[in-house]
There are 2 protein chains.
Amino acid sequence: MGLDGPAEGNPFVEVKLTAVFRLGTREVVVDGFYDGGGKYKVRFMPDAVGTWSYRTSCNVKALEGLEGSFAATAALAGSHGPVRVANVHHFAYADGTAFYPFGTTCYAWVHQSEALQEQTLRTLKAAPFNKLRMCVFPKSYEYNHNEPPFYPFPRDAAGKSDFSRFNPEFFAHIEKRIGDLRELGIEADLILFHPYDRWGYATMTAEEDDRYLRYVLARMSAYRNIWWSMANEFDLMKAKTAGDFDRMFQTVEKQDPYGHLRSIHYSLVMYDNGHPWVTHGSMQSAKFEAAPTYLADWKKPVMFDEVLYEGNLNRRWGNLSGDEMARRFWLGVMAGCYVTHGETMLDPDAAMDENATPTLWWSHGGVLRGTSPGQIGFLRKLVEETGTGHVRPGLEAQEKAYYMNARVYSRDGKDAERVLYYFDDHQPIWYEFPLPKGTFTAEAIDPLAMTVSPVPGTFSGKAKIRLAGRPFRGMMFRAVG
Amino acid sequence: MGLDGPAEGNPFVEVKLTAVFRLGTREVVVDGFYDGGGKYKVRFMPDAVGTWSYRTSCNVKALEGLEGSFAATAALAGSHGPVRVANVHHFAYADGTAFYPFGTTCYAWVHQSEALQEQTLRTLKAAPFNKLRMCVFPKSYEYNHNEPPFYPFPRDAAGKSDFSRFNPEFFAHIEKRIGDLRELGIEADLILFHPYDRWGYATMTAEEDDRYLRYVLARMSAYRNIWWSMANEFDLMKAKTAGDFDRMFQTVEKQDPYGHLRSIHYSLVMYDNGHPWVTHGSMQSAKFEAAPTYLADWKKPVMFDEVLYEGNLNRRWGNLSGDEMARRFWLGVMAGCYVTHGETMLDPDAAMDENATPTLWWSHGGVLRGTSPGQIGFLRKLVEETGTGHVRPGLEAQEKAYYMNARVYSRDGKDAERVLYYFDDHQPIWYEFPLPKGTFTAEAIDPLAMTVSPVPGTFSGKAKIRLAGRPFRGMMFRAVG
């Protein structure tokens, strides 16, 4: 709701506005925020159908004790609510629909030209990704030298920021983009801090950090597709300690009325993901062999959010082949985890041009030039085809067939409905699959050619099946009858 | 030299024969051995040109104090002497010629039919391998159920071995095969113990083990192409401790007059390769990222002797693709180490036959069916082309360009003569190569297609070169002028 209030002084600091929303015995307290020009807003995301009432509280009389009510109707088709942790190591929307993250990365896409942002959205519409890692603050780094169209804080003529005030236009712009992603069914994994900075956003005081966090939370928590990533490479932010992030994590946990997902990404030194305010691991690593330890220790989902990028840069982190990028998705999924894509692919025609300012998907958005998205989409389809019911990927076959990678998918903890095998660089010419209880059909999967070839017959118990004897193949079993 | 002596009693235990060989002020003491039928032998490998004299010592009068002399002439062309550790982490023949191990594995080839052994030799003649891992004792394991043509110890009608005597025919047969390998320029990495046993050879007493070792050493140390591998998977030999292997290592060190290379291979628990009697690491692992630690700690060469096998078995250890096997050679070489091949490839036409007794290169020898040997030979040629002089692979570029793999080869510690880069699964579209001092030509390497394509021009300093933007490529720089 939009409210009118004082514009004088510094309303960002001086006006304390909250509202309580009630449905039956339930109460949800929400922060309001100043949106500039004497306008105040309170945003609320109801999680139940019914007539909600509200009442504001404020230290300014004009905004105190405003009351009203509204009817929350059933969610529209295709709207499943925010994503939560489900079954310890996995995710589901609030309505129970399984969510398998297949994310990508466009760190600074909202800080590019409008035309480029629109191109990014068109690309995303045709891409297989359902989560996007993106930064609130603009980015200063290799290949990232442009000034953003908006700044988060007002600046004087010399470019000095006034960290005691916000620029509502900046935040409204990001919100528009989060809304655009929501329309595409994409979760916004919003990175609140990062070290790639030349404007001073990485070196604000604790008071300024906390005010910034509360402002972002008041504005954006009501977006159902938002996730909070406390930082990218938090350990490279030399002005902050892990203790600072402990405090800020707790601020986010306390001020977000909806409990959106919370994680933190590191460079070399991992944050302690065992802290209760961390909902899932956000790894910069491709050590999938460590996944069983992470899963067992943290009892949380683990997302390999940075496994190097598909690309052709002269940087180790930015020149994986497309096949290797897609393979890392398979390895992550087979390890019971989730993986995030990124692409740093120079246009080959301009790759040697010293004066070029390349547009790289990883940070700017734009177009995808690599080959992995097709293969990633193929895997996503295989994983998602167990339906929209609440699906639990099991570990049974992984334990039994420890020397090959397998994932068992079963609905609501019942018998296995799907078993997915991946042989990576192994190429057995036959394999005796130790199937869970039940009868299954089998389909030979070629992740590189993206083909599914039915194997004649049905299978149960130990199923000895002739294979292609080629590496990087899979097998899908489906329960029948 | 062959000598006549007593045949009665148990000469293997009762007769103690040694000989001292002298050249100028040098003395080498060598054990003789009983070869059956009243025949005794003393074998000696001179390491210097000149007239050597000798004198026997024995507790049997007929063999005591026998004297003589012989002229040791210059080595024949192509004969470089035994292989030694050279420049801390590398190998060279006694004459200083660099030796880059590119080994393979035929554990039980000498225990197969004569026809199969001959086929193995024909295959080796055309293959790129210059080291062979092979067992003294026959093998009892999956796919290994045949009885050997010869047994190392006399057996009674019930198959019980008399471990106090040897079967000279068994050892003479192995010696013949070691000689055959020598003719092919192949080092015999002879495995003295292993756990794959149904005859009792893995559970002899310490006294029996030591007598066996001394007998093998007396017989075979004079073969210039022999290496001692104390065991395969020593930690799976439940009747022995690491302490037993300490003792046996020291026996080998003491009784081998020529100091042939000594290593030990493990399954899960590594032997302490820091012991002074271990000349080099023999790893069952493909963790090439651990190589810098091993090299720095042990200050010895490190050989990745078992990195899984190229094949198509339904076993994780036996179904790598050929490309992946060859890639592991590149990774090992780039890590400053050496790698050993193995192949467990079922004939595809008979792969599902439950009654087949497949012939697998890894243990039986026979033919190679895989695709890696060609690629391995291509790499060997690149590495060896620095010539037959004493070559020192340097670490300089590896340190400078830590995010990509490079090896610098320089003769006698002088300026770099070759720099070899490998990009593994990275695919930069250009790269700025930080070259060592000097001027170089460049050649783009495609390890999969096995092609070398000259890059026009010469290069020095930081050489920015356009690349293919495809994974699994390399670049070779050669010093010019």
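The values are calculated or read from the model by the stated rules, or taken from the named source; none is laboratory data. Treat the numbers as computed from the prediction; the structure is a model and nothing was measured. Don't worry about glycine lacking a Cβ; one is built from the backbone with ideal geometry, like all the others, and counts go over all protein chains shown. The protein model used for the area step is the full one, side chains on, heavy atoms only, and it has no ligands, DNA or RNA in it. Shrake-Rupley method; radii C 1.70, N 1.55, O 1.52, S 1.80 Å.
Hey, could you check segment A:42-62 for residues that are in contact (Cβ under 8 Å) with a residue 60 or more places away in the chain and open to solvent by 40 Å² or more (accessible area, probe 1.4 Å) and say which is nearest to A:L76 (Cα to Cα)?
Looking at the filtered set, the residue picked out is A:D47.
Filter segment A:95-128 for residues that are modelled with pLDDT of 95 or more and among the aliphatic types (A, V, I, L, M) and give the result.
Matches in segment A:95-128: A:A108, A:V110, A:A115, A:L116, A:L121, A:L124, A:A126, A:A127.
What are the residues in segment A:424-465 that are modelled with pLDDT of 95 or more, within 32 Å of the chain's Cα centre (by Cα), buried (at least 20 other Cβ atoms within 10 Å of the Cβ) and not in a loop (DSSP other than H, G, I, E, B), if any?
A:I445 - this is the single residue of segment A:424-465 that is modelled with pLDDT of 95 or more, within 32 Å of the chain's Cα centre (by Cα), buried (at least 20 other Cβ atoms within 10 Å of the Cβ) and not in a loop (DSSP other than H, G, I, E, B).
Got a sec? Which of B:T18, B:T56, B:T51 is closer than 19 Å to B:E253 by Cβ, among the hydroxyl-bearing types (S, T, Y) and in a strand (DSSP E or B)? Before you say what the answer is, go through the steps one by one.
Details: B:T56 fails: closer than 19 Å to B:E253 by Cβ; B:T51 fails: closer than 19 Å to B:E253 by Cβ.
Testing whether each residue is closer than 19 Å to B:E253 by Cβ, among the hydroxyl-bearing types (S, T, Y) and in a strand (DSSP E or B) leaves just B:T18.
Only residues that are open to solvent by 10 Å² or more (accessible area, probe 1.4 Å), among the charged types (D, E, K, R) and not in a loop (DSSP other than H, G, I, E, B): list them for segment A:145-179, please.
A:R155, A:E169, A:K176
What's the number of the only condition in (1) over 24 Å from A:K125 (Cβ atoms); (2) over 21 Å from the mean Cα position of the chain (by Cα) that A:G336 fails to meet?
Here A:G336 clears every test but (2).
Out of B:H89, B:H80, which single residue is without any contact (Cβ under 8 Å) to a residue 60 or more places away in the chain, under 30 Å from the mean Cα position of the chain (by Cα) and buried (at least 17 other Cβ atoms within 10 Å of the Cβ)?
B:H80
Write out, first by first residue and then by second, each pair whose Cβ atoms fall under 8 Å of each other, whose residues are 6+ apart or on separate chains, and whose first residue, in segment A:3-17, is aromatic (F, W, Y) while the second is modelled with pLDDT of 95 or more and part of a helix (DSSP H, G or I).
So the pair list comes out as A:F12/A:R211; A:F12/A:Y215.
Would segment B:109-124 turn up any residue that is assigned to a loop (DSSP other than H, G, I, E, B) and surrounded by fewer than 18 Cβ atoms within 10 Å (Cβ to Cβ)? It would help to see each step written out before you state the result.
Filtering segment B:109-124 down to residues assigned to a loop (DSSP other than H, G, I, E, B) leaves B:112-113.
Those left that are additionally surrounded by fewer than 18 Cβ atoms within 10 Å (Cβ to Cβ): B:113.
Yes, because at least one residue in segment B:109-124 is assigned to a loop (DSSP other than H, G, I, E, B) and surrounded by fewer than 18 Cβ atoms within 10 Å (Cβ to Cβ).
Among the residues of segment B:212-234, is any part of a helix (DSSP H, G or I), without any contact (Cβ under 8 Å) to a residue 40 or more places away in the chain and open to solvent by 10 Å² or more (accessible area, probe 1.4 Å)?
no
Please find, within segment B:318-327, the residue that is most open to solvent (accessible area, probe 1.4 Å) out of those that are at the interface with chain A (Cβ under 10 Å from one of its Cβ atoms) and part of a helix (DSSP H, G or I).
B:D323
Are any residues in segment A:350-376 within 14 Å of another protein chain (Cβ to nearest Cβ) and either open to solvent by 10 Å² or more (accessible area, probe 1.4 Å) or over 22 Å from the mean Cα position of the chain (by Cα) (or both), and if so, which ones?
A:A350, A:A351, A:M352, A:D353, A:E354, A:A356, A:P358, A:R369, A:G370, A:T371 - these are the residues of segment A:350-376 that are within 14 Å of another protein chain (Cβ to nearest Cβ) and either open to solvent by 10 Å² or more (accessible area, probe 1.4 Å) or over 22 Å from the mean Cα position of the chain (by Cα) (or both).
Condition first: within 14 Å of another protein chain (Cβ to nearest Cβ) and buried (at least 17 other Cβ atoms within 10 Å of the Cβ). Now tell me which residues in segment B:466-480 satisfy that.
Passing the criteria: B:L467, B:G469, B:P471, B:F472, B:R473, B:M475.
Please verify whether segment A:254-270 includes one or more residues that are away from every other protein chain (no Cβ under 14 Å) and assigned to a helix (DSSP H, G or I).
Checked against the condition, which is being away from every other protein chain (no Cβ under 14 Å) and assigned to a helix (DSSP H, G or I), segment A:254-270 yields at least one hit.
When you look at B:V252, is it open to solvent by less than 10 Å² (accessible area, probe 1.4 Å) and under 21 Å from B:E169 (Cβ atoms), yes or no?
No; evaluated as a whole, the condition is false for this residue.
Going by the conditions given, is B:D347 more than 14 Å from chain A (Cβ to nearest Cβ) and either crowded, with 24+ Cβ neighbours inside 10 Å or modelled with pLDDT under 95 (or both)?
no
Among the residues of segment B:438-461, is any in contact with a strand residue (DSSP E or B) (Cβ under 7 Å, 6 or more places away or on another chain) and within 12 Å of chain A (Cβ to nearest Cβ)?
no
Being open to solvent by 30 Å² or more (accessible area, probe 1.4 Å), more than 12 Å from chain A (Cβ to nearest Cβ) and over 30 Å from B:P358 (Cα atoms) is the filter here; which residues of segment B:281-317 pass it?
B:P292, B:T293, B:Y294, B:A296, B:D297, B:W298, B:K299
Residues of segment A:269-285 being touching an Asp or Glu at 6+ places or on another chain (Cβ under 6 Å) and within 27 Å of B:G469 (Cβ to Cβ), which ones?
Correct list: A:Q284 only.
Can we say B:G243 is within 14 Å of another protein chain (Cβ to nearest Cβ), modelled with pLDDT of 95 or more and out of contact with any Pro (no Cβ under 7 Å at 6 or more places or on another chain)?
Taking the combined requirement at face value, the residue does not satisfy it.
Take the residues in segment A:286-317 that are part of a helix (DSSP H, G or I) and under 30 Å from B:K464 (Cα atoms), then tell me which one is nearest to the chain's Cα centre (by Cα).
So, considering only residues that are part of a helix (DSSP H, G or I) and under 30 Å from B:K464 (Cα atoms), the one nearest to the chain's Cα centre (by Cα) is A:W317.
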